[in-house]
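The values are calculated or read from the model by the stated rules, or taken from the named source; none is laboratory data. On a predicted model such as this, the values are computed, not experimentally measured, just so you know. With ideal geometry, Cβ positions are generated from the backbone for all residues, glycine too; neighbour counts draw on all protein chains shown.
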Amino acid sequence: DSQKTAFLLRKQWTLYSVTPLYRFSDAHLRDYARLLSAFIAAEKQKGLAVEIGVELGIKVAISSLPDLRGSDRDQAAILVQLSSRSPASPKNSEEKVIWSGWFCSVSGDDFSENVPEDFTCLPLFLANGAESYTSIVGSWFQKTFDCCFRRLAISPLNLSWMAAMWTGCKVDKNVSAMELVFSVPHLPQPLDISYAIHPEDAKALWDTVQKTPGEITQEEVDVFMDCLYSHFHRHFKIRLSATKLVKVSTAIASAHCDGIIKFLQSQYLTGVLMLLTELAISQIQ
Amino acid sequence: SEKMQRRQTSKQPLQVHHKNQTGLSAWRKGGRIDPEKSVQNHQSPNNQKNDSKQDSLEQALSYFEKVQDHVSLKKNNVLQKHLTTVESIALQRGLPPEGFDVLLNVALSGKLSDTVNTRLLKSLIPASVIPETSVVSSVSWLCVSKCSSNIQLLFLRWLITVFDFIDHKEQLHALYGFFFSFLQDEKMCPYVCHLLYLLTRKENVKPFRIRRLLDLQAKMGMQSHLQALLSLYKLFCPELVTITLPGKMKTYFKDSEGPWKATIKTVRRRKQENSPVSQPLFLGTAQPQSRKRKWNTQLIIPASSTNKNNLEEDRENQCVDFYSTNEFFPVEQLQTFSQLLQNIHHLEFPSQMGSVLTNPLLLHYMNCIKDESIYLRLYYWMGQTLQEECTWYVADNKQYEEFKDFLEMVYKAECFLQEGFSSCEEFLYKSLPLWDGFCCRSQILRLVSWIPLSSFSEMKSHLYDPLAQLFFTSSLYFKCSVLESLKELLQNWLNWHVIHLDSESDSQVHSLNTTLSGLVNVVAELIDFVGWISTVALRLENNPTFLLYFILDFYETVCDMYLRYNLPLLIMPPAGVFYPALLSMDSVSLNQLCYIMYRYRTNLVAAKENELSKKKILQFKFSSQTYQEYNQYIIAMVGCLWTSSAFQKDIHPQGLCMDDELLKKTTVQEFKTSFNIIYHPAMMGYAVLFLQQAWPDDMTFNFSLIKGKKWNWYLEYLYAQGLKGLKVFIESSINRVSQAS
């Protein structure tokens, strides 16, 4: 299972929330790819008509990723990949993926159950590649399935949740340090403060904070962060609580407040996606 | 050049009745049986002149029918004469249907010189219609290439211009393939594209034709005429071809008007007929984008475009599906209300529901179709767009204007549909606490008036609390605007209630918040809220008439809820509103108050009668407190205005009752009468004018003269001055028997 989703790891994904897709059907992925490929060609050469179904410079593959879901009640994730063919020797040269994006819903069934049958709920969209392609693909989905894409930013509060949750996760090779990046507001020049903590120290701290394993409360997250802040204050006399948390990196994943994420551990992939699905749903509801 | 337009074909091309057409022979016999022509003759001041013109046109046509090859124009006076006749008649009143066959035949047969042919083609101005047969035979001349390429081009341009005047188009449609083959000719190509654009139907769009057009595109590059035709093909068969038109494009067919358009218009105007040319169609794909912003951060209302999505779906279910895909009427072609009516059974919503906002026809359609998914699609789109665009803090003016226009558009759609959008309600709840009360003020307040009914706990924290905060800290004008929009909100709720009374059997309507008791509670809370903020505002602003007007306007709706809206609820205004209105310096407010009290009375009397006549116990009846409050107010009012006993008889706890000793200390003489209809500060102006008219010589302003019969005259005078509220109040609430004695 982890091999099928391995290509999603160690890439930067830009997050979007997507409202339910109207009249989307898993059975027509090939047709969608054909139409999307012609749409991309038509968009790239505005004013020139494109026949649908012929081989074009950019190949579109749309496929289903059935492993990426929380339960059977979730819709299977949908992967869209654009690859380019070299125009010189189209047959010999290998196709190179130039852009990919995927829709998914992990444990979003509370939301999808309340939506009529005509709609498909895949509230989280992740894109990697040039924004011009995100724009074309997104527009096509918006036009075809009457949905709405919106950038999904992650608030500092949610970032601190991620920091706490991911600290508590067990990882085999505990190599990389946990890093928190803070940005100091209202300065003429931007000033970022990076706070790196040894993962074992962070885990030890979290274990003293968390009361019930498998359950996290807002209070515990606050205590955890406050401990880190007071430690920092003791050494540098800087109050991090007055700054803005902009980035969290751990061995599990790294997340930026602008809505950019990088997955690092395939075993925690669905766990992270579950949280992101929740954030996406709260943005569209 | 003109914008790309596609005229409605074949369905109802002209208003002319075909039975009115006569054959050339009948026409030649000189019979003026054609009603159209006889109408022309009546309009003309000189019938004889017309007769002779007709004769000469007849001669000219019969000459051109028999004309020999290669007659030279210069040497032949007869030809010159007939040509001039045709030209002058064509320019003046157009040619009759019978003329086209003859003139097209001679012009395209190559018998005469190009100069003559050109002049003939240029004079082909239709007076009414052009027979299809004459066009079909012209096309056969075109195929044998007897005429020069210039004449061919001129003919095509003529055909495009007069397309809507051709009486039938079925045979012409059958020639689609012929026209298509003319595309090879590089010179003809633009005009043939335009003609095909006018002719194309869904069944004409075939893969081999698409391939041929794509080949041409590859050969000639980006050509606007090819783009137009390909866009139309895409419209009919989005599963075969696609194209994105550049945003700045405006002209698709160059020089399509030719030398005829102006003359046709003149001839038409002379005949005082409306042009049959229907609305032009603009392909929705070319939407101008003013600014460059990041993807999806720009406020774009999607253009109406056909839902491509079910094309595949239906292809597989075709045997099951009652309406096959071919039957769908593309929304891009929906331009008129009659089209909507004709196609309503096979119309489909556009691929992006947001586009209905800018399309009144689709809003009509939406009103007819009650489908949850339609509202849900709109809900998602609007909710996301409102959140994305609401930038209270960003001072980017251009963006601000855009957002304002968007809110305006949403409001208009709500008015059209007579219901609020739930996405808009949620947006208001989220954004009102952050609102400065200034940005997009009128738009926001108008949207408030369309908030759907919901339970009070939500309304209080989401709407009333943030609104009250802004209300108390903002200008008088803002306060009035808020009251105005709350009045509209109340009216919208009441209208909703009246409409849904009829469909009460629908089980779905009865959700928790929309039961009658729920509704009564919610409405009562709104009225109480307005009563409270009005009382405070009158004190804050020191009772200005302007504010009082808006408050009383609200109560004009409140006092009539039982009779006008069938809602078992009446709430009296608080004393903080009633007394400032009663003691107002302005007759407008006093008159308004009188009218309101009259309506309260009418409603309460009706309610009491209903209560007494029905044996079973009503679920809702007005509390005795409402009657009591009304009575207290009426005693105060009658005491003030009529019996001059307000200070003694007012029994309202916040009323005017005052001790005589205290009143004497004010040193005001005749304090008892100081608020009756003569001495009331709002009325004294009338009393002065009345005295001046009744006793023009008396300059002492002796108000005590107004009594007995004069009192009645004074009342009549007041009524004549437009104080209708006072009239209905006195007539209903004051027992005049004692007065008559």
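One residue stands out among those in the range A:28-77 that are farther than 25 Å from A:ILE281 by Cβ and under 22 Å from the mean Cα position of the chain (by Cα): the one that is surrounded by the most Cβ atoms within 10 Å (Cβ to Cβ), which is A:VAL60.
Considering the conditions (1) more than 14 Å from chain B (Cβ to nearest Cβ); (2) more than 18 Å from the chain's Cα centre (by Cα); (3) small (Gly, Ala, Ser); (4) within 21 Å of A:CYS147 (Cα to Cα), A:SER25 is excluded by exactly one of them, (1). A single member of B:LEU235, B:LEU245, B:LEU240 is touching a residue at least 40 places away in the same chain (Cβ under 8 Å), within 14 Å of chain A (Cβ to nearest Cβ) and in contact with a Pro (Cβ under 9 Å, 6 or more places away or on another chain), and it is B:LEU235. The combined condition, being farther than 30 Å from A:GLN75 by Cα and over 26 Å from the mean Cα position of the chain (by Cα), is not fulfilled by A:ALA196. When the range B:115-156 is filtered for residues that are among the basic types (Lys, Arg), in a helix (DSSP H, G or I) and farther than 18 Å from B:GLY94 by Cα, nothing remains. From the list B:LEU195, B:LEU230, the one residue that fits, being at pLDDT 90 or above, touching a helix residue (DSSP H, G or I) at 6+ places or on another chain (Cβ under 9 Å) and within 14 Å of chain A (Cβ to nearest Cβ), is B:LEU230. When B:TYR393, B:TYR429, B:TYR411, B:TYR464 are checked against the criterion of being at pLDDT below 90 and hydroxyl-bearing (Ser, Thr, Tyr), B:TYR393 stands alone in meeting it.
Among the candidates A:ALA76, A:ALA61, the residue that is away from chain B (no Cβ under 14 Å) and touching a Pro at 6+ places or on another chain (Cβ under 9 Å) is uniquely A:ALA76. Scanning the range A:226-256 for residues being crowded, with 18+ Cβ neighbours inside 10 Å and either assigned by the TED database to the domain that holds A:LEU122 or part of a strand (DSSP E or B) (or both) gives a total of 9. Screening A:PRO116 with (1) in contact with a Gly (Cβ under 8 Å, 6 or more places away or on another chain); (2) at the interface with chain B (Cβ under 7 Å from one of its Cβ atoms) gives one miss only, at (1).
Taking the range B:207-229 on its own, how many of its residues are exposed (fewer than 15 other Cβ atoms within 10 Å of the Cβ) and either under 11 Å from A:GLU51 (Cα atoms) or more than 39 Å from the chain's Cα centre (by Cα) (or both)? Number of matching residues: 8.
When the range B:441-461 is filtered for residues that are modelled with pLDDT under 90 and not charged (D, E, K, R), the ones remaining, listed by number, are B:PRO452, B:LEU453, B:SER454, B:SER455, B:PHE456, B:SER457, B:MET459, B:SER461.
Only helices (runs of 4 or more DSSP H) whose full extent lies in the range B:342-427 are considered here, and the ones with at least 2 residues that are more than 14 Å from every other protein chain (Cβ to nearest Cβ), hydroxyl-bearing (Ser, Thr, Tyr) and surrounded by 15 or more Cβ atoms within 10 Å (Cβ to Cβ) are B:397-417. Might you check whether a residue that is of a type in the set (A, V, I, L, M), in the same structural domain as A:ILE58 (by the TED database) and assigned to a loop (DSSP other than H, G, I, E, B) occurs anywhere in the range A:123-145? Checked against the condition, which is being of a type in the set (A, V, I, L, M), in the same structural domain as A:ILE58 (by the TED database) and assigned to a loop (DSSP other than H, G, I, E, B), the range A:123-145 yields at least one hit. When B:GLY247 is tested against (1) surrounded by fewer than 17 Cβ atoms within 10 Å (Cβ to Cβ); (2) more than 33 Å from the chain's Cα centre (by Cα); (3) modelled with pLDDT under 90, exactly one condition is not met: (2). Among the residues examined, B:LEU214 does not qualify as touching a Ser or Thr at 6+ places or on another chain (Cβ under 8 Å) and at pLDDT 90 or above. The set of residues in the range A:94-113 that are assigned to a strand (DSSP E or B) and within 14 Å of another protein chain (Cβ to nearest Cβ) comprises A:TRP99, A:GLY101. Exactly one residue among B:PHE647, B:PHE622 is under 48 Å from the mean Cα position of the chain (by Cα) and more than 15 Å from B:LEU726 (Cα to Cα), and that residue is B:PHE622. Inspect the range A:123-144 for any residue being out of contact with any helix residue (DSSP H, G or I) (no Cβ under 6 Å at 6 or more places or on another chain), within 14 Å of chain B (Cβ to nearest Cβ), surrounded by fewer than 16 Cβ atoms within 10 Å (Cβ to Cβ) and among the hydroxyl-bearing types (Ser, Thr, Tyr) and give the result as yes or no. Yes, that holds for at least one residue. Quickly run through the range B:201-211 and pick out the residues that are within 14 Å of chain A (Cβ to nearest Cβ) and at pLDDT below 90. Those that are within 14 Å of chain A (Cβ to nearest Cβ) and at pLDDT below 90: none in the range B:201-211.
Only a single criterion out of (1) at positive phi; (2) within 13 Å of chain B (Cβ to nearest Cβ) is not satisfied by A:ARG30, namely (1). In the range A:274-285, the residue that is nearest to A:SER160 (Cα to Cα) out of those that are away from chain B (no Cβ under 14 Å) and in contact with a strand residue (DSSP E or B) (Cβ under 6 Å, 6 or more places away or on another chain) is A:LEU276. Residues in the range B:570-579 that are touching a helix residue (DSSP H, G or I) at 6+ places or on another chain (Cβ under 6 Å) and surrounded by fewer than 21 Cβ atoms within 10 Å (Cβ to Cβ): B:ILE571, B:PRO574, B:GLY576.
Selection of the range B:157-174 for residues being part of a helix (DSSP H, G or I), acidic (Asp, Glu) and touching an Asp or Glu at 6+ places or on another chain (Cβ under 9 Å) yields only B:GLU170.
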